[in-house]
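Peer 1: Submitted below is the structure of interest, expressed as structure tokens.
The values are calculated or read from the model by the stated rules, or taken from the named source; none is laboratory data. What you see is a predicted model; the values in this text were computed from it and never measured. Note: ideal-geometry Cβ built from the backbone for every residue, glycine included; neighbour counts use all protein chains shown. The area values use the complete protein model at the heavy-atom level, side chains included, leaving out ligands, DNA and RNA. Shrake-Rupley method; radii C 1.70, N 1.55, O 1.52, S 1.80 Å.
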Amino acid sequence: MSIASVPVVFDVPARFVGIDAEFRLRKESAVLRGDDQRALKERNWRSLREDLLTMGIGDQQSRKDAARLLQDLGYRLLLDDDCWLREWTPEHVTSVILKTLRECRADIELLLFGDYAHLRGDAVARARRYLATHPSQFNPRMERILLGLADGVNQPAFFTFASGKPETHVVLHHPLRALLLLTHLERSLGTRYSRCAWRDCERVFRKRTASQLCCCAEHRNRERQQRYRENQNKYDGKGKHA
């Protein structure tokens, strides 16, 4: 059965992933217990992706948002072979770690809003073959992302009917890769995303219709009122000038 007809479930072990100050993966912790394990098991990947996309722009706010995101994703700073940082603080978010998160955010934005017309319905493993025969269809960044994801297909996965329906479980040990693969799978299966047109929001949302511009009815009404006031001001300005 194709990936388009079988739901894909991410199985990310409930363990902390140790990284160093250069965001190099070091090792995983032992299996956790209690609240830590429960929090990691219940990670909402779409919500975490939104947190990454809305990460602050300024350096101070970015580090504060990054610390909270790294904590929720399950990364822990490995200070030495036996010492883990229990809780992230902005001071522990190095420039390299911040740059890595920003690059991942840019990659996800490209996957969300890039042209997927040629890949829709195809599994990620077909990316290599398509890029080999249609190299001009992708910009270099999209090519790099898709080739990296194609490499990720070799990670452990298994097919099961345990829930009473067919599911494909993909085992991932890298939380950021889970965000990228989730985004690619959604887009390749036809899911469309957009940024909220209301300038005070700019939240990324899943489009229900092709014409949907805002994430909710409230923001749609506010955006319309905002445009009406702007057009009214332009009209009044022209009238006074005349």
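Peer 1: Just a yes or no: is a residue in region 67-78 farther than 23 Å from residue 196 by Cβ and at pLDDT below 80?
Peer 2: no
Peer 1: State whether the residues of region 213-226 include one that is touching a Ser or Thr at 6+ places or on another chain (Cβ under 8 Å), open to solvent by less than 90 Å² (accessible area, probe 1.4 Å), more than 29 Å from residue 98 (Cβ to Cβ) and modelled with pLDDT of 80 or more.
Peer 2: no
Peer 1: What residue, of 54, 89, is at pLDDT below 90 and β-branched (Val, Ile, Thr)?
Peer 2: None of the others qualify; the one that does is 54.
Peer 1: One residue is enough: does region 20-28 have a residue meeting the conditions modelled with pLDDT of 85 or more and loosely packed, with under 12 Cβ neighbours inside 10 Å?
Peer 2: The answer is yes; a qualifying residue exists.
Peer 1: Tally the residues that are aliphatic (A, V, I, L, M), touching a Ser or Thr at 6+ places or on another chain (Cβ under 9 Å) and either in a loop (DSSP other than H, G, I, E, B) or open to solvent by 40 Å² or more (accessible area, probe 1.4 Å) (or both), restricting the search to region 77-112.
Peer 2: The qualifying residues number 1.
Peer 1: Out of all the residues in region 183-192, which are open to solvent by less than 30 Å² (accessible area, probe 1.4 Å) and either closer than 12 Å to residue 50 by Cα or aliphatic (A, V, I, L, M) (or both)?
Peer 2: 183, 185
Peer 1: Note down all Cβ pairs under 8 Å where the first residue falls in region 189-202 and is at positive phi, the second is buried (at least 17 other Cβ atoms within 10 Å of the Cβ) and outside any loop (DSSP other than H, G, I, E, B), and they're at least six residues apart or on different chains.
Peer 2: What qualifies is 202/195.
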